[in-house]
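Bear in mind that the values in this text are calculations on the coordinates, not laboratory data. Nothing here was measured: the structure is a model prediction, and the numbers come from that model. Note: ideal-geometry Cβ built from the backbone for every residue, glycine included; neighbour counts use all protein chains shown.
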């Protein structure tokens, strides 16, 4: 009995033991005695099945829960039924005996309460420790062990990689070839971003990788057995596999604010990385030189064709004018002008002679000899004017007249003038095309030349280990949250 009292059973458990003992017909004199008798019979009064059986309603009456001195003691038994005439709980001891618990043996309610609280606290502590242990196990399995494996790889297994950095920029000629003796070499500016982006895209293309492999053995270097399995290419790799590694180890970035292209080449040997970088710079220079070559060639070709055509037209116009001058033998305009001048002069003399004849005839007794002489002069002038008019008429009429010859000659001279103008314009266009072609020339200027590194740049052991820890931790957190949400949805 003392051992049962020291177990710290609660009042509810004791009352439950009394009820189970009364159900099995055991003569228990107290709650502790009921626990002792039940245990002697091999019955656990606190088993869940026994507790469920106690709540089944009886057909003959109502069982009351409570210990000695409970308020249910005064309730009478319900007549009839299976329980009729039977004394219900807590009337299990004979009348007339002292049934009060001893104050020295039974703990006080406060002590029982404190004991129950301590038991609850210990249970909570055990559950917390268990959950914390499970959490640590999960963290170790999903986060710490993978992080340790990643750190071991970075510190012990990974092959050191050497990086070679270089910087270059693309500039274009902006000079016009003016009065400066240096022409268009001095005034330059950065090329537009399209040229830099095109150069960057070419260096990151599969074409550049294949060319680098053909010239410097890119695949052979990364299939060497000195490189660890993760960073090494397989034997006889495909171009796609090599290109994936190429994009990983050849890092190129363009800064539009400064116009600088930065390139980082990574290899297992510093000299090999420097050689790769030098060859890529050479490829970039060739690409830059050929960026506007087609455009320059097309512009110059059109300008040269136009200039040659203008020269041929000018030469043809000159030849035609010379042929006309040789065929005619004289200058039609000069001949016509001379005839017109003679006609004008003879008409002036004719007017003078007619005035002189009129003056002589106005006399009452004119001198016949003078009159006849003046009349003869008038007749000769009229005959000369008639001949000159006939000559002028023949010169301006007919298919081979001097006028037509003069018009043909003027047209040939006009054609020659137009050909000269076109030749001058074509020459000006050719000079402009040359200036434009010179302005479109691109130059690759290396700002930082590649230098072999003395210490490996990769892998960054500490940074990569921390990054692996964060990645695995994030994955575990996402999986935990997903599992918690699914568990809540399923159990709700």
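A few points about this structure:
- Computed extension gain for residue 490 through residue 13, at 0.36 nm per residue and net of the alpha carbon distance, reaches 168.2 nm.
- For the pair residue 475 and residue 446, a Förster radius of 56 Å applied to the C-beta separation gives a FRET efficiency near 0.80, rounded to the nearest 0.05.
- Computing FRET efficiency as 1/(1 + (r/R0)^6) for residue 367 and residue 345, where r is the C-beta to C-beta distance and R0 is 30 Å, gives about 0.65.
- Maximal additional length on extending the residue 39-residue 224 stretch stands at 58.7 nm, based on 0.36 nm per residue less the C-alpha distance.
- Among 17-25, 348-356, the order from most to least packed when residues are scored by Cβ within 10 Å on average: 17-25, 348-356
- Cβ crowding within 10 Å ranks 142, 276, 307, 462 as 462, 142, 307, 276, fewest other Cβ atoms first.
- Rounded to 0.05, the FRET efficiency of the residue 384 and residue 297 pair, given R0 = 60 Å and the Cβ-Cβ distance, is 0.25.
- Of the residues 199, 125, 408, 274, the one with the fewest other Cβ atoms within 10 Å heads the list, and the complete ranking is 125, 408, 274, 199.
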